[in-house]
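The values are calculated or read from the model by the stated rules, or taken from the named source; none is laboratory data. Here the structure is a predicted model, which means the values were calculated and not measured. Methodologically, a virtual Cβ is constructed for each residue, glycine included, from the backbone with ideal geometry; neighbour enumeration extends over all protein chains shown. Heavy atoms of the whole protein, side chains included, go into the accessibility calculation; ligands, DNA and RNA do not. Shrake-Rupley method; radii C 1.70, N 1.55, O 1.52, S 1.80 Å.
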Amino acid sequence: MEKVYVKTFGCQMNVYDSEKIYAFLQDRYLPAAAEDEADLVILNTCSIREKAEQKVYSLLGRLKPLKEEKPDLLIGVGGCVAQQEGERILARAPMVDIVFGTHNIDQLASILEERITSGRRLCRIDEDADRVPTAGAPRAGSRKGPTALLTIMKGCDNFCAYCVVPLVRGREISRSRDEILEEARYLIAHGAKEITLLGQNVNSYREPSTGGGFIDLLESVDALDGLERLRFVTSHPKDFSEGLVHAMAGLPSVCEHIHLPVQAGSDRILAAMRRCYTSGEYLEKVSMLRSLIPEVEITTDIIVGFPGEERADFDRTLSLVDTVGYQNAFSFRFSARPGTAAADLEDPVPHETKRSWLPELQEVQNRITAGKHSSMVGRTVGVLVEGSGRRSNGMLEGRTRNNFIVHFPGSPSMVGCEVDVRILRSRKIHLEGEVVS
Ligand code: SF4
């Protein structure tokens, strides 16, 4: 059989879509370990920031010599950049054979077939879809590790001023509960101990026929035999409810971690971003979470330098970060995305003034993370073993229920087990320890 290599950029939603791409193509292609051993290379792209988009074009440039060496090599571009750029990719990158949108991944096999039989380069972009593409079961043995992603919905109806997602992923569509449970059972039967439910805003999940909400779904997935841990991402703070916190506290498999993107600490900037909550409302939800789930760890996303953001606004973000004490914060400089409301906003605050803000924020967050890591030293924690550490050297890597990454020496036979680890050292990104059971 021929081989396909999928290079994934961006978020977990894209990681999930890439798994689906492999599944949609499995009748014709086996997975390749790298581009240079593949007959088909697919770039599953991200357009959330300008930098991510540039990376796609620079990788395409690097694929050019490979295509010259192997003229039969097929190159496809999918994902959010493809959805937004469409035909322009074919014009700008002559080595690309097909471009397909975020709603077209289930048509990939037929698009490739048409490319091969017609000899024409193709672009297939549907503007919107009334369904979430679902692939059949992946080839037996193609699942690796005890963790799995599961999309419950796609698209977003929120239209935050800076965000391209509603433009490239379309409006919200929820999958049926039965379909989600069937996929979850499949994943558990093939080794998944932990499932992460994915959606741009999982709190607005609505079962298409019954209208049941996200809490109902969480209860149904939690009840599945064999599932040890359940996570979900992302929660919009405006929709994050006390009912959900009670469900998190009461359902045994739901982990004590929440990703709650705050984006900014200034109410003026939150309003300009169209986030529909104030910093005070956000902080109230955080203290409700902490009072009901004392072990909970919170992570977040923050955009620095939104148009019009002044030093006083940024100071409010620093103060909020200090007050919440995030486990980790994914922070980025504002990047104007075409088609979004923020792309047209004037910015009277000079770029030079804002340049130092991101490293300043990261320094504050690093100090908080270091404090959290140090406070774990000496404790014994349950770790689900996910595999070898990235730098391997005999170390295994896993995660606690509340999202600390832990490295420790151990045998590969432990992968998929939950083990007790005593924490011995704290590092910048992870903790190190030794197995005690
Ligand atoms: S909630 Fe806002 S930031 Fe999140 S995907 Fe939707 S529009 Fe983008």
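Looking at the range 1-52, the strands (runs of 3 or more DSSP E) lying wholly inside it that each contain 2 or more residues that are of a type in the set (A, V, I, L, M, F, W, C) sit at 2-8, 40-45.
Across the range 141-167, the qualifying residues are those that are more than 10 Å from the ligand (Cβ to nearest atom), under 17 Å from the mean Cα position of the chain (by Cα) and of a type outside the set (D, E, K, R), and the one among them that is surrounded by the fewest Cβ atoms within 10 Å (Cβ to Cβ) is 149. When 379, 401 are checked against the criterion of being closer than 27 Å to residue 232 by Cβ, open to solvent by 40 Å² or more (accessible area, probe 1.4 Å) and without any contact (Cβ under 8 Å) to a residue 60 or more places away in the chain, 379 stands alone in meeting it. Screening 403, 393 for residues that are within 23 Å of the chain's Cα centre (by Cα) and in a loop (DSSP other than H, G, I, E, B) leaves exactly one candidate, 403.
For the range 410-424, the candidate set comprises residues that are of a type in the set (Gly, Ala, Ser) and loosely packed, with under 15 Cβ neighbours inside 10 Å; within that set, the residue that is nearest to residue 375 (Cα to Cα) is 411. Criterion applied to 331, 437, 335 was being in contact with a strand residue (DSSP E or B) (Cβ under 7 Å, 6 or more places away or on another chain), in a loop (DSSP other than H, G, I, E, B) and hydroxyl-bearing (Ser, Thr, Tyr), and the one residue passing it is 437.
With the range 218-305 as the region, which strands (runs of 3 or more DSSP E) entirely inside it contain at least 3 residues that are more than 28 Å from residue 359 (Cβ to Cβ)?
Strands (runs of 3 or more DSSP E) meeting the threshold: 229-233.
Scan the range 175-195 and tell me whether some residue there is more than 25 Å from residue 285 (Cβ to Cβ), in a helix (DSSP H, G or I) and hydroxyl-bearing (Ser, Thr, Tyr). Scanning the range 175-195, I find at least one residue that is more than 25 Å from residue 285 (Cβ to Cβ), in a helix (DSSP H, G or I) and hydroxyl-bearing (Ser, Thr, Tyr), so the answer is yes. Out of the residues in the range 324-350 that are touching a residue at least 24 places away in the same chain (Cβ under 8 Å) and surrounded by fewer than 14 Cβ atoms within 10 Å (Cβ to Cβ), state the one that is nearest to residue 281 (Cα to Cα). Result: 330. Among the residues of the range 229-264, those identified as open to solvent by 40 Å² or more (accessible area, probe 1.4 Å) and either under 15 Å from the mean Cα position of the chain (by Cα) or within 16 Å of the ligand (Cβ to nearest atom) (or both) are 238, 239, 241. Scanning the range 380-405 for residues that are farther than 21 Å from residue 227 by Cα and of a type outside the set (Ser, Thr, Tyr) gives 389, 390, 391, 393, 394, 395, 396. Of the residues 171, 121, 177, the single one that is away from the ligand (no atom under 16 Å from the Cβ), among the basic types (Lys, Arg) and either surrounded by fewer than 19 Cβ atoms within 10 Å (Cβ to Cβ) or at pLDDT below 75 (or both) is 121.
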